[in-house]
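Engineer: Supplied in structure tokens, the structure appears directly below.
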Amino acid sequence: MTSAHGPAPVALSGPRFQTEPAELYRQIRHEHGPVAPVLLDGDVPAWLVLGYRELHQVTGDPVLFSRDSDLWNQWDRIPADWPLRPMIGQKQPSILYTVGERHRQRAAMVGDALGAVDPTELRAYTEQFADELIDAFCAGGATEIIAEYAMLLPLRVLARLYGFADEQGPGLVTAMNDMINGQEQAMAGMRHLAESMQRLLADKHAEPGRDVVSHMLADSSGFTDEEITQDLMVMMAAGHQPTADWIGNSLRLMLTDTRFAASLFGGRNSVAEAMNEVLWEDTPTQNVAGRWASRDTRLGDQHIRTGDLLLLGLAGANTDPQVRTDGTCLTGGNNAFFSFGHGEHRCPFPAQEIAEVIARTGIEVVLDRLPDIDLAVPAESLTRRPSPWLRGLTGLPVRFTPTPALGDARI
């Protein structure tokens, strides 16, 4: 798939997604317009939708731009071990790939289960696990806060909410990271996650509790265990890694940007402002696969053929100059970003609320426990993971005044 005229398709890989994604998206938009031809691993063609209005059109029309991956006109050339297969999926009975009334039923089931989470308990769990994680390194005066905190906290909270035993967390983190990174371990990560979910469902069938999984199993809409297992995989993956990166990207912003320096210590409003700015300027979810054209159409002056794959360029759309005419950062209460998607397949509102509570509480506990936290390396030395899909730091080394662990005093 290429444009009839103009520059060659863009490889959706390479170091620029780590080092300068905003400039890369600007260049792609300049060369191709709001809809650009791209190549995935193995030179598999797709379209990247970078325009804000075009992305709104794609996500707002589930009939023309379907979530049904069976429509893809490239399946005959996709090998079984293709690294991106877990992210795109064929014949997966999950909420991501259902359409129409069945999707609305599943979205309601998932939304009801997540909406039943008690917000007071959610914050208490997050504070408890945050304190336990900080206890492990606070006496040392330094840590790498991505690996030792941000990458662990969301998973531990979600595992508790869903009904997993706490000790299963580390294996789930590894499996999900492998799956999301789309490298050689992607399929093994997906299998580990699926097997873990299947065992959890069996446990909750035998002994229901007050957890999200038990709530889903009690739904009367007639979903099979396979369907619920697939939905749980989506919920866990979508809830953990982007939230971990939201924490890490927000802490990086607060520790490196002078606008936040004066209010960093004890300034709760600055946490919300940093988190909101990250969703506009440095969103954890950069690009999403995808939508499939149900018929030939035109979009952004490109001819889209039946079965073509369109990737949702969330980060590119957030910085579209057509809607960011003054070029300034957007903070405060402006939530018109695409970071949680749009349309009937957007991230459910209860899931967004859970992610926000985990991220904000996690950041606030760090600032409360380590009030003089500072970067331990030059800001320009910080690097990102090599992924065009999710944008997060490979590490964030920090230092602080050593402080005793809370121990038995924690919540």
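Engineer: Mind listing whichever residues of segment 126-166 are touching a residue at least 24 places away in the same chain (Cβ under 8 Å), part of a helix (DSSP H, G or I) and over 21 Å from the mean Cα position of the chain (by Cα)?
Structural biologist: Hits for segment 126-166 are 127, 128, 131, 132, 134, 135, 138, 139, 140.
Engineer: Could you tell me whether segment 385-401 includes any residue that is aromatic (Phe, Trp, Tyr), over 22 Å from residue 257 (Cβ atoms) and at pLDDT 85 or above?
Structural biologist: There is at least one residue in segment 385-401 that is aromatic (Phe, Trp, Tyr), over 22 Å from residue 257 (Cβ atoms) and at pLDDT 85 or above.
Engineer: Condition test on residue 210, is it of a type outside the set (Gly, Ala, Ser), under 23 Å from residue 361 (Cβ atoms) and more than 23 Å from the chain's Cα centre (by Cα)?
Structural biologist: It is true that residue 210 is of a type outside the set (Gly, Ala, Ser), under 23 Å from residue 361 (Cβ atoms) and more than 23 Å from the chain's Cα centre (by Cα).
Engineer: For residue 320, state whether it is surrounded by fewer than 19 Cβ atoms within 10 Å (Cβ to Cβ), at pLDDT 75 or above, more than 30 Å from residue 366 (Cβ to Cβ) and touching a Gly at 6+ places or on another chain (Cβ under 9 Å).
Structural biologist: When the stated conditions are applied, residue 320 does not pass them.
Engineer: State all residues of segment 172-216 that are within 19 Å of residue 386 (Cβ to Cβ) and outside any helix (DSSP H, G or I); if no residue qualifies, say none.
Structural biologist: Passing the criteria: 182, 183, 184, 185.
For (1) over 24 Å from residue 148 (Cβ atoms); (2) touching a His at 6+ places or on another chain (Cβ under 7 Å); (3) of a type outside the set (Asp, Glu), each residue gets a yes or a no:
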site: 212; (1), (2), (3): yes, no, yes
site: 224; (1), (2), (3): yes, no, yes
site: 233; (1), (2), (3): yes, no, yes
site: 243; (1), (2), (3): no, no, yes
site: 247; (1), (2), (3): no, no, yes
site: 273; (1), (2), (3): yes, no, no
site: 287; (1), (2), (3): yes, no, yes
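Engineer: Output the residues belonging to segment 365-374 that are outside any loop (DSSP other than H, G, I, E, B) and over 11 Å from residue 252 (Cα atoms).
Structural biologist: Narrowing segment 365-374 to residues outside any loop (DSSP other than H, G, I, E, B): 365-369, 374.
Within segment 365-374, 365, 366, 367, 368, 369 meet the criteria.
Engineer: Evaluate segment 338-361: report whether one residue or more is more than 19 Å from the chain's Cα centre (by Cα), surrounded by fewer than 20 Cβ atoms within 10 Å (Cβ to Cβ) and either closer than 28 Å to residue 237 by Cβ or at pLDDT 95 or above (or both).
Structural biologist: Taking every residue of segment 338-361 in turn, none turns out to be more than 19 Å from the chain's Cα centre (by Cα), surrounded by fewer than 20 Cβ atoms within 10 Å (Cβ to Cβ) and either closer than 28 Å to residue 237 by Cβ or at pLDDT 95 or above (or both).
Engineer: Where residues in segment 105-159 are among the small types (Gly, Ala, Ser) and in contact with a Gly (Cβ under 6 Å, 6 or more places away or on another chain), which of them is nearest to residue 392 (Cα to Cα)?
Structural biologist: Step by step, filter segment 105-159, then rank; the result is 150.
Engineer: Could I ask something else about it? Please report, ordered by residue number, the strands (runs of 3 or more DSSP E) entirely within segment 217-309 with at least 3 residues that are closer than 30 Å to residue 107 by Cα and either of a type outside the set (S, T, N, Q) or in contact (Cβ under 8 Å) with a residue 12 or more places away in the chain (or both).
Structural biologist: The qualifying strands (runs of 3 or more DSSP E) are 288-293, 297-299.
Engineer: Looking only at segment 230-250, filter to residues that are modelled with pLDDT of 90 or more and in contact with a strand residue (DSSP E or B) (Cβ under 8 Å, 6 or more places away or on another chain); which one of those is surrounded by the most Cβ atoms within 10 Å (Cβ to Cβ)?
Structural biologist: In this case the residue turns out to be 248.
Engineer: Being surrounded by fewer than 20 Cβ atoms within 10 Å (Cβ to Cβ), of a type in the set (Lys, Arg) and at pLDDT 90 or above is the filter here; which residues of segment 166-225 pass it?
Structural biologist: Within segment 166-225, 199, 210 meet the criteria.
Engineer: Mind telling me which of the residues 377, 398 ends up being touching a residue at least 12 places away in the same chain (Cβ under 8 Å) and part of a strand (DSSP E or B)?
Structural biologist: Result: 398 is the single residue among 377, 398 that is touching a residue at least 12 places away in the same chain (Cβ under 8 Å) and part of a strand (DSSP E or B).
The values are calculated or read from the model by the stated rules, or taken from the named source; none is laboratory data. Quick caveat: nothing in here was measured; it's all calculated off a predicted structure. For neighbour counting, all protein chains shown are included, and Cβ atoms are generated from backbone atoms with ideal geometry for every residue, glycine included.
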